[in-house]
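None of the figures in this text is laboratory data; all of them are computed from the coordinates on show. Note that the structure is predicted; figures quoted are calculated from it, not measured. All Cβ positions, glycine included, derive from the backbone under ideal geometry; neighbour counts span all protein chains shown.
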Amino acid sequence: MCGIVGYIGKRRAYPILIKGLHRLEYRGYDSAGVALINGQGQLNIYKAKGKVAELEAYAADKDTDGTIGIAHTRWATHGEPNTINAHPHYSESERLAIIHNGIIENYAVLKQGLQAEGYTFKSDTDTEVLVQLIEYTQVNHQVDIKTAVQLALQQVVGAYAIAVLDKYHPDILIAARKGSPLVVGIGKGEFFLASDATPIVEYTDQVVYVEDEEIVKLSSAEQGAEENNIEITTINNVQKTPEIKRLELSLSQLEKGGYPHFMLKEIFEQPRTLTDSMRGRVNVRQDNIAMSGFIDNKERFLNAKRIIITACGTSWHAGLIAMYAIEEFAQIPVEVEYSSEFRYRKPVINKDDVVIAISQSGETADTLAAIQLAKSKGAFIFSICNVVGASIPRVSDSGCYTHVGPEIGVASTKAFTAQVTALTMLALCIGREKGTMSEEQYLRVVRELGQIPMKIERVLEQDKEIGQFAKIFTYAQNFIYLGRGYNYPVAMEGALKLKEISYIHAEGYPAAEMKHGPIALISQEMPVVVVAPHCSTYEKVVSNIQEIKARKGRVIAVVSEGDELVSRIADYIIEVPSTEECLTPLLTVIPLQLLAYHIAVEKGCDVDQPRNLAKSVTVE
Ligand code: AGP
């Protein structure tokens, strides 16, 4: 969850680095820092706890010259958030500087060895151990900085994306990755380095995604190197040809587009993003769905005895919805696992199992580890991801990108509806191919899928009314969200949205579970949100609402347009268009996203960067 930015070239590095850190703020952090080599060969490091603005204030009267530099936003993993533990870190002699995203698991052993050699440490971080190890290697093996980094990383166990400066070589910038993302931007006479493409996109659309266990050496003629050059080798010194890709991101995608928050922009983007994620896959005219990831691996899915879905958070909720659709249409048993549990549970995984990994960021450490475990047991890995070139799709056998563009708001919205859409399309493909669903049902759902973006537009038209509701409930300390069937995971997702951005406690429950305990909580002080569209369990949900009303509960119900029954007994109604039962989550989740957003805004919360949270959980 740390953010890395680097620059080497013809321009002053500092403004580029600071702007890059701002672009990465959404990843979550608790401190920031920058290292620069100025024209006199001095290596200057400036660090500050808190926001990037604090770093800028601290560095305002300092020497920030230099056309090579690295910068970092830290999310604490070893050592509390403070200036000493913030990155960059000097080496012992202050010749080197390093920034790092990841965890060095064997840092304690390495630290002991270095201490025995007389090295001292200022911070509690694993990162400082790494830069000391690099300097120790450089001095004792009498090697150049790239070789020193290479040899040091061969001793490291863990995950890293690093950038290293050597003040005696201001013409080169060294970077490396394993398990944490790193992207190189190729400009004219300059190179950019970052954890993802957002700090790079305004300068170039030519990028190289660094692969695991690769080391990058960026040389700048402006700094005295023979030529501008990018050289990539593995940590075992195998030469690699840089694979230059064209970035699809545009800067405008990164701007808020006139909305007060990225989250609101992304909620309102959903009609378009769902259209984008179905583009080339759902052909309503031909009544057909074509997913290349399925077509290329058809036998795997058709012969699967079981499908295991592994994910975290909102992505796990999408997986839960997929379980209903896959079992209904494809009649394959599905298990939905929290990645963090699955990876340590010693699960029984067979080689004819299909594992579906769902991740917006493609960098969630627990999901990555769950995949590695399943792969080691021979399972086929299919990933649903939103970031092209991210770690999870790169280690998967196949997959499907959701193509909703960068999701900046920490609370996932457009990625969730795109994940559900992709998983529903997959379930339909398998079911049709297996013949476990009727052609009539297949056609009905495919045609209705094409209508969903327009139907979401209609739900979004109620944004103002939902904003009014929100004002009523900002007092609440607790919420319960209820749903049945396909909408039970929607209830859980609605609860997660509320708690993660408004800090109000909320729980999602299967509606029928109320009788098994939670109904004891019902009171006027605790709003109950019930997801109650017309569906096969509608009557059951109505009686659940009546049980709550009989105990003086206050009910906010999400119902289908024209609903008469629930509308008579609930306290507040939000209508969504009718649709196929399996597609109701794509509509019923929208009001819950908006309700959470408006309550959080009413409470003055930091909607896009909620406290304690990060957009991409790249540590365990
Ligand atoms: C969702 O709103 C949260 N930000 C969080 O639960 C998130 O879904 C989870 O961390 C998984 O992230 P991923 O999809 O990038 O793997």
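Here's the list of aspartates and glutamates a cross-link from K217 could span, going by alpha-carbon distance under 14 Å and ignoring same-chain residues fewer than 8 apart: D144, D166, D171, E190, E226, E227, E231. Under the criterion of Cα pairs below 8 Å and six or more residues apart, the relative contact order for segment 467-616 equals 29 percent. Sequence-ordered 3J(HN,Hα) estimates for segment 312-320 from the Karplus curve with 6.51, -1.76 and 1.60 and θ = phi - 60° stand at 9, x, 4, 4, 5, 5, 4, x, 5 Hz, glycine and proline given as x.
Across the options S536, A176, S339, the greatest Cα extent toward the positive end of the charge dipole of the chain (unit charges at beta carbon of Lys, Arg, Asp, Glu) belongs to S536. Taking the number of Cβ atoms within 10 Å of each Cβ as an exposure proxy, the fewest-first ranking of M492, M526 is M526, M492.
Pull out the extension gain between E564 and S536, defined as 0.36 nm times the separation in residues minus the alpha carbon to alpha carbon distance; nm, one decimal. Result: 8.4 nm gained on full extension. Taking a ≥ b ≥ c as the square roots of the Cα gyration tensor eigenvalues, with a/c under 1.5 meaning rounded and otherwise prolate when a/b beats b/c, else oblate, which class fits segment 390-473? It is oblate, given that a/c is not under 1.5 and a/b is not larger than b/c. Kirkwood radius for segment 321-471, taken over all pairs of different Cα atoms as the inverse mean of 1/r, rounds to 17.1 Å.
Where Lys and Arg each count +1 and Asp and Glu each count -1, what net charge lies around K240 among other residues with Cβ under 13 Å from its Cβ?
Taking every Cβ under 13 Å from that of K240, the sum is -4.
Our helix-only sum for the chain, with -39,500 (n - 2.57) per DSSP H run of n ≥ 4 divided by its residues, gives a mean residue ellipticity at 222 nm of -11000 deg cm²/dmol.
Take 163-176, 569-582, 309-322 and order them by the average number of nearby Cβ atoms within 10 Å per residue, most first; the result is 309-322, 163-176, 569-582.
Restricting segment 1-53 to trypsin sites (Lys or Arg not before Pro) that sit in a DSSP loop and have at most 15 other Cβ atoms within 10 Å of their own Cβ leaves K10, R11, R12.
Determine the sum of side-chain charges near K549: Lys and Arg each +1, Asp and Glu each -1, restricted to other residues whose C-beta is under 13 angstrom from that of K549.
Numbers: positive: R551, K552, R554, R568; negative: E547, D571.
Taking every other residue near K549 into account, the sum is +2.
Measuring nothing but how far apart in sequence close Cα pairs (under 8 Å, 6+ apart) lie, relative to its length, segment 298-355 scores a relative contact order of 52 percent.
What does the charge add up to near M323, with Lys and Arg as +1, Asp and Glu as -1, over the other residues with Cβ less than 12 Å from its Cβ? Net charge in that neighbourhood comes out at -3.
Label positions at K188 and K549, each projected 7 Å from the Cα along the C-beta direction, are separated by 6.9 nm. Taking 23 Å as the limit for the C-alpha separation, the pairs K455/K497; K499/K540; K265/K603; K499/K615; K19/K62 exceed it in the case of K499/K540.
With R₀ set to 45 Å, the beta-carbon distance separating V157 from D296 gives a calculated FRET efficiency near 0.80. Stretching D352 away from R447 to a fully extended chain increases their span by 31.0 nm, per 0.36 nm per residue minus the current alpha-carbon distance. Potential lengthening of the chain between Q42 and T436 amounts to 134.9 nm, from the contour at 0.36 nm per residue minus the alpha-carbon distance. Between T234 and A512, take the C-beta separation as r, use R0 = 56 Å, and let me know the FRET efficiency to the nearest 0.05. Computed FRET efficiency for T234 and A512 comes out at 0.55.
Under 5 Å between amide hydrogens, built in the peptide plane, is the criterion, and for I289 it picks out N283 among residues at least 5 positions away or on other chains.
For the chain, the longest principal axis of the alpha carbon atoms and the long axis of helix 538-550 meet at an angle near 90°. Within the chain, antiparallel bridges make up roughly 60 percent of the DSSP beta bridges whose residues both belong there. Each part reduced to its alpha carbon centroid, segment 445-472 and segment 297-356 end up 29 Å apart. Residues in segment 149-166 carry Karplus couplings, in order, of 5, 4, 5, 5, 5, 5, 9, 8, 10, x, 10, 7, 10, 10, 9, 10, 10, 10 Hz; the curve used is 6.51 cos²θ - 1.76 cosθ + 1.60 with θ = phi - 60°, and Gly or Pro positions show x. The relative contact order of the chain, computed from alpha carbon pairs under 8 Å that lie at least 6 residues apart in sequence, is 11 percent. Rounded, prolate or oblate: which fits segment 11-98 when a ≥ b ≥ c are the square roots of the eigenvalues of the alpha-carbon gyration tensor, with rounded for a/c under 1.5 and prolate only if a/b beats b/c? Oblate is the answer for segment 11-98, as a/c is 1.5 or above yet b/c matches or exceeds a/b. Computed from phi, the 3J(HN,Hα) profile of segment 289-294 under the Karplus parametrisation 6.51, -1.76, 1.60 (θ = phi - 60°) reads 10, 10, 10, 4, x, 7 Hz, with x in place of Gly and Pro. Here r is the Cβ-Cβ distance between T275 and E461 and R0 is 30 Å; the resulting FRET efficiency, rounded to 0.05, is 0.95. Across the chain, the convex hull enclosing all Cα atoms gives 156 Å³ per residue. The distance separating the Cα centre of segment 147-197 from that of segment 365-390 comes to 24 Å.
Which of the peptides 500-507, 451-458 is most tightly packed, and how do the rest follow, going by the mean number of other Cβ atoms within 10 Å of each residue?
500-507, 451-458
For a test of the definition: using alpha carbon positions, the gyration tensor, and the 1.5 limit on a/c, classify segment 374-437 as rounded, prolate or oblate. Verdict is oblate for segment 374-437.
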